[in-house]
Amino acid sequence: MSAAMDTESTYSGYSHYSGHSKKAHRQGRDRHKSPRSKDGSRSEKSVTIQTPPAEPLLGNDASRAEEGQDDNWGETTTAITGTSEHSISQEDIARISKDLEDSVGLDCKRYLGLTVAAVLGLLVFLTPIAFILLPQILWRDDLEPCGTVCEGLFISVAFKLLILLIGTWALFFRQPKADLPRVFVFRALLLVLIFLFVFSYWLFYGVRILDSKDTNYQGIVQYAVSLVDALLFIHYLAIVLLELRQLQPTFTVKVVRSTDGESRYYSLGHLSIQRAALVVLENYYRDFTVYNPALLTASKSRAAKHMAGLKVYNVDGNNAAGQSRAMIAAAARRRDSSHNELYYEEADHERRVKKRRARLVVAVEEAFTHIKRLQAEEQQKAPGEMMDPREAAQAIFPSMARALQKYLRTTRQQQYHSMESILQHLSFCITNNMTPKAFLERYLNPGPTLQYDRDRWFSKQWTLVSEEAVTSGLQDGVVFVLKCLDFSLVVNVKKIPFIKLSEEFIDPKSHKFVLRLQSETSV
């Protein structure tokens, strides 16, 4: 019911706002029509309608809203919904279409690489078996008897191929975490090495065994066993290059978010730039707080409010550059008093946040005590009247909804928490017998990006910008940027310095002390 009332008030506020805007537009149009009625041709030449800049108007509205906001602003303010923060131009549409084409190209490249790797892996596993079976099929009667030695070699080949299959599945057949712009150099080198290795074995097998129809079957089986052993060594080389080489920390990277300056430090090993960017993004979704563009509008509205209070009169016919210099000079003279306004604005905002937080904590604690009492009463009723966690959450949610909504609006987190997500979290806390403090942890402190739904991340597709080749390894002083739609991550690479430790021996017998007693003592 509260949601319906809020929606109704929103629509009524929107209609009132639209009616007021239409009336003002009609009055302005009448003012422009009045000179034209007297002298139409003259007015068409002299009247010019200029569109006012949008940002200062929005800044003034925001500043007035901040100034006139009181503790009961949730009851008296009408929110106009249906607006968007981002505008799309023809260039944006062209860029989006280009990104779609690039994504199609990346998908084709990924599936092509998987197809090549799968075909090569199938060839690798079938080659030793083909080496053993072809002589039995083509010239079975001419082969020399092998006996127990060949049977032992068969068992050895079977178990080695099984081990190689399990190791290949564990190392290569994993869910891809990202689409990288370039190929992984070491993996491509391993594929080329395996192809050349198997091709050379087939070439030797065709010339020395198939053409001559060698009758020494034990030597043929040992030749297949040597191939399997070499493949196991190549798999060990792949483990060293792909997994073990990057484990030792060699570089320290500093990641800074361009909008709010939040930064983190990470230690990385020998990685290429694109793989280092992938590690940085994985840690970003886990360690960085979620990006909230609403927190950045306060400084913009404050700057727009200061600039809106300045008026420049063109008396001597100066150009626009002179006007801009005059505005900058006037803004510099007012800079001394701006820090006081900033101080009082932040103090007032902190006071409102603490007040909303206290009301929210009390409301949630009362709601949780109510659900505990319900549980104690429901245990005495029939099993058919018991409440599941979803019903219990829906029963206690209205008592805390208003306080939670006001707190989320004050801290500008309302776009990250929908009513459905709050109900799911509340039912989860009730199911696992969690305390009110555990329930409020998600809302009192902004969490990492992974804590929220994917459609509220503001960062899904990234672009890697680097002066160096993205396939080259990390080096000291390398800087690369990860860009998304609203912000970017600037990554600065520093090499961990060489540390030299020296040893100093302390004799245990040197820990001897003497107590000196003086004849005169202080009174």
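The values are calculated or read from the model by the stated rules, or taken from the named source; none is laboratory data. Quick caveat: nothing in here was measured; it's all calculated off a predicted structure. Note that each Cβ is placed from the backbone with ideal geometry, even for glycine, and that neighbours are counted across all protein chains shown. With ligands, DNA and RNA removed, areas are computed over all heavy atoms of the protein, side chains included. Shrake-Rupley method; radii C 1.70, N 1.55, O 1.52, S 1.80 Å.
Computed in the context of the full set of protein chains, the accessible area of segment 456-512 at 1.4 Å probe radius has 53% of its extent on carbon or sulfur.
Accessible surface of Arg286, taken over heavy atoms with a 1.4 Å probe and every protein chain present, rounds to 130 Å². Accessible area ranking (1.4 Å probe, heavy atoms, ligands and nucleic acids excluded), largest first, for Glu262, Glu391: Glu391, Glu262. Placing Ser267, Ser418, Ser502 in order of accessible area, with the largest value first and a 1.4 Å probe, yields Ser502, Ser267, Ser418.
Each of Thr259, Thr127, Thr250 has its accessible area taken with a 1.4 Å probe; listed largest first, they run Thr259, Thr250, Thr127.
The heavy atoms of Lys354 offer some 140 square angstrom of accessible surface to a 1.4 angstrom probe. The apolar share of the surface of segment 104-246, taken as the fraction of accessible area on carbon and sulfur atoms (1.4 Å probe, ligands and nucleic acids excluded), comes to 71 percent. The figure for Met434 is an accessible area of roughly 60 square angstrom, using a 1.4 Å probe on the protein chains alone. Size descriptor for segment 104-246, Kirkwood hydrodynamic radius: 16.9 Å (Cα pairs only, one decimal). Remark on Val470: its backbone amide H falls under 5 Å from none of the residues 5 or more positions apart or on other chains, H modelled at 1.01 Å from N. Quick check on my link table: of Lys355/Lys437; Lys406/Lys437; Lys177/Lys483; Lys254/Lys355, which ones sit more than 25 Å apart, alpha carbon to alpha carbon? Result: Lys254/Lys355 exceed 25 Å.
Rounded to the nearest 20 Debye, what is the dipole magnitude of segment 104-246 about its Cα centre when Lys and Arg each give +1 and Asp and Glu each give -1 at the C-beta? About 740 debye. Between Phe154 and Ala188, full extension at 0.36 nm per residue minus the direct alpha carbon distance yields a gain of 9.1 nm.
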